[in-house]
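Just below is one structure, and these are the notes that go with it.
The values are calculated or read from the model by the stated rules, or taken from the named source; none is laboratory data. Predicted model, so just to flag it, every value in this text is computed and none were measured. With ideal geometry, Cβ positions are generated from the backbone for all residues, glycine too; neighbour counts draw on all protein chains shown. For the accessible areas, the whole protein counts, side chains as well, though only heavy atoms, and no ligand, DNA or RNA atoms are used. Shrake-Rupley method; radii C 1.70, N 1.55, O 1.52, S 1.80 Å.
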Amino acid sequence: ICAVSTAPGAGGIAVIRISGPEAIAICNTIFVPRTAGKGLLSQKAYTLRYGSIRRGEELIDEVLIALFRAPHSFTGEDTVEITCHGSVYIQQQIMQLLIERGCRSALPGEYTQRAFMNGKMDLSQAEAVADLIASTSAGQHRLALNQMRGGFSHELKNLREQLLHITSLMELELDFSDHEELEFADRSELSTLAAHIETVISRLANSFSVGNAIKNGIPVAIIGETNAGKSTLLNVLLNEDKAIVSDIHGTTRDVIEDTVNIGGITFRFIDTAGIRETNDTIESLGIERTFQKLDQAEIVLWMVDAVNAASQIEQLSEKIIPRCEGKHLIVVFNKTDLIEDKQKENVLSLLKDFPKESTESIFISAKQRKNTSELQKMLIDAAHLPTVTQNDIIVTNVRHYEALNKALEAIHRVQNGLDSQISGDFLSQDIRECIFFISDIAGEVTNDMVLQNIFQHFCIGK
């Protein structure tokens, strides 16, 4: 297989990767080394060779070729990487030559899939490759790097070995079932071990909320009445004109989303349609989506026009406050350049009945960018994300999270079975289910459909 592994137009050079049993032989037919008589077939692994790619006598480009021999390569196969100039034409010509000589274009993620199939990494590490490529913050990078280096895999391996130890003892008893007095597995020891395993699986599953926030961004809904300044604030936070800003009420009729990195944390801001009574069908649908996004958000920015604060809070409190339970609410009093400082105390008194533990407030002017930096600091504090190191094991993948929850259900059945003193064959079945779901994360029992779904989302060339 062959593919361009660098993004189009990414720079002055490009890398073309070839992998498979005939990779070296195929490349040798189009490569002319600078030193005569020294082709690729005799080249040592982990070395570079300077020369040219030619179609007959026609020079296509001068290149560097790196050579990796199986099994000591990313894919576990013979691999050649051609570093050429970044011209799209040059890349196309080299790719065409390789295909003519017996290669085929690689599918998305096929190099990483081959690495997985050849035992160079397990499935959780393979998925981390895609996360590493897509990382846009320090937190995302650290989590993906730790998972790719095998931190998560090592934890799963330990769990699997402990579970296999339990089930082997249980099944040994079944082999001697005619000797009821024989008990190879001490029930109190098994109970202690099951409790430890349950603690570890619970910790991994519970880490998903943090991992998902780091990977996909913390959802922040910007809500409020029409013309309160929601779209203006979104544009300020994103530092671009993402949303249309107008004095006309009901300008935003649908949800607008975008992400931005603030203080090393990714926030996913959602600008919503202004909440008001309307007979406009389209605007009503937008308002319905506003409440849907409010339910999904972890942080809520309630934009209030400071000039009309009393009426806006009175009209929307009953609709908004109940939906903010379990969320962090920041009431943003906008357009404060239009009110006097002495009026701010009266405005703040409107929040006396709001939940004090989860509610904050701030006065800003989105149009004049006044106090918007302070609002960003409030968002960072409201995120409550722990400092993540490369040694932290935090689950970021939905597939892993679902498998851990199923494993947790199975180990709970084991614990209940031990407490109820049920027979070993039933206990063994539940233990094996737990092993199955843990093994599924690493790809030891995953079917082809799951693999296809995972790797089709990779970029070509990786």
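Every condition in (1) open to solvent by less than 10 Å² (accessible area, probe 1.4 Å); (2) within 40 Å of the chain's Cα centre (by Cα) holds for Gly11 except the one numbered (1). Per the listing Leu418, Leu385, Leu408, Leu427, the residue uniquely open to solvent by less than 60 Å² (accessible area, probe 1.4 Å) and modelled with pLDDT of 90 or more is Leu408.
Checking each residue in segment 313-342 for being open to solvent by 10 Å² or more (accessible area, probe 1.4 Å), touching a residue at least 40 places away in the same chain (Cβ under 8 Å) and assigned to a helix (DSSP H, G or I) picks out Gln315, Lys319.
The test for being open to solvent by 80 Å² or more (accessible area, probe 1.4 Å) and at pLDDT 90 or above holds for Arg413. In the set (1) within 17 Å of Ala403 (Cα to Cα); (2) buried (at least 21 other Cβ atoms within 10 Å of the Cβ); (3) not hydroxyl-bearing (Ser, Thr, Tyr), the condition left unmet by Lys157 is number (2).
Yes/no per residue for (1) acidic (Asp, Glu); (2) out of contact with any helix residue (DSSP H, G or I) (no Cβ under 9 Å at 6 or more places or on another chain); (3) in contact (Cβ under 8 Å) with a residue 12 or more places away in the chain:
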| residue | (1), (2), (3) |
| --- | --- |
| Lys406 | no, no, yes |
| Glu409 | yes, no, no |
| Asp425 | yes, no, yes |
| Glu444 | yes, no, yes |
| Phe458 | no, no, yes |
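Note on segment 364-382: among residues that are open to solvent by less than 70 Å² (accessible area, probe 1.4 Å) and polar (S, T, N, Q), the one that is nearest to Val260 (Cα to Cα) is Gln376.
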